[in-house]
Structures are given as C-alpha cells and as structure tokens.
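Participant: Just dropping this structure here.
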Amino acid sequence: MKNTNEMKIIFDSRPVNEGLARVTVAAFCTQMNPTLEEVADLKTAVSEAVTNCIIHGYEGEVRKIEMVCRQRERELTVDITDHGVGITDIEKAMEPLYTTKPDAERSGMGFTFMEAFMDEVSVVSEPGQGTTVHMKKIIGRQ
C-alpha cells in the first residue's frame, strides 16, 4: 500500500529493553518528520506499555514482548503484546491510580500516561493468555 511502512521487534521482558523499545519507536517514526514533542510522547507511551508487560504481564519473569509499529501517511500505530497473566478487568486497570502492586511502589498511572500522550489507546486482554495495548498517534497535526 502506498505511503505505508511496518516493523516488528520481539525482545526479552528485561527492564533494560524498555530503553530499546523507546529508541526503536523514535527511530521508526523519524520518516514522518515528527516534532521533538511528538517523539517524546511516543517514547513515554511505549515505555509505560513495555513496563506494564514486564511488571504486571510477566511479573518479573523473563519472556517475550512484541512491538509492532505501522505508519500510514500521518498515522502511527504501536501494538505492544505480552503473553502473560492478562487483565481480568480492563476498565478497572485503566482507572487513574489503580494498581495491583501497591507494595511495589507502582503509581497506577501507566494507562493514564498512555492516554495523555497518544490520540487513541485500547486494550485487549484475556486472563492467562496475555495483553495487547494498541496505541495511535497522528503526527504533524494541522
């Protein structure tokens, strides 16, 4: 399809790879000529999604995280998937300040940050099967 591009990476659910995901999405979106603010927004949202996979999806166990980025004209989508524990109540999980790990000093603001920095965020999850966070951002708003 004209003016489209896609990439996919799969990496270990190690905290050090959160930085890899941030840099990868930043590099991928450069073809769209984003502003520094748009790049920072993307990196923050991706960071939150990957951190959720590591801490909540896999509960610290090292497994695989998949990130798929798609660009079509001015629209960038990012899907981040784990095959971990899943989310039983997505609506509750997306509430500001809600966390399943208050003893681990988690703020419960991950989904709130994703929603603040992206134009669209949706979550598909099945307990015991994993979670996909789908995010969309329009680059170069008029």
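None of the figures in this text is laboratory data; all of them are computed from the coordinates on show. Worth saying up front: this structure is predicted, and the values here are computed from it rather than measured.
Participant: Calculate how steeply helix 17-29 sits against the longest principal axis of the alpha-carbon atoms of the chain, using the helix alpha-carbon long axis, and give the answer as 0 to 90 degrees to the nearest 10.
Facilitator: 20 degrees
Participant: Choose one answer from LEU36, LEU76, LEU20: the residue with the largest mean-square fluctuation in a GNM of the chain with alpha-carbon springs under 10 Å.
Facilitator: Highest fluctuation among the options: LEU36.
Participant: In terms of modelled amide H atoms, which long-range or inter-chain residues lie less than 5 Å from the amide H of ARG63?
Facilitator: For ARG63, the qualifying residues are SER13.
Participant: Another one. With a 10 Å cut-off between alpha carbons and a GNM built on the chain, which of ILE87, ILE54, ILE65 moves the most?
Facilitator: Looking only at ILE87, ILE54, ILE65, the largest GNM fluctuation is found for ILE87.
Participant: If the cut-off is 27 Å between C-alpha atoms, which lysines fall inside it for LYS8, apart from same-chain ones fewer than 8 positions away?
Facilitator: Counting by Cα, and skipping residues close in sequence, LYS8 has these lysines nearby: LYS43, LYS64, LYS136, LYS137.
Participant: Springs between alpha-carbon atoms under 10 Å, Gaussian network over the chain: tell me which of VAL50, VAL62, VAL16 tops the mean-square fluctuations.
Facilitator: Greatest mean-square fluctuation among the candidates belongs to VAL16.
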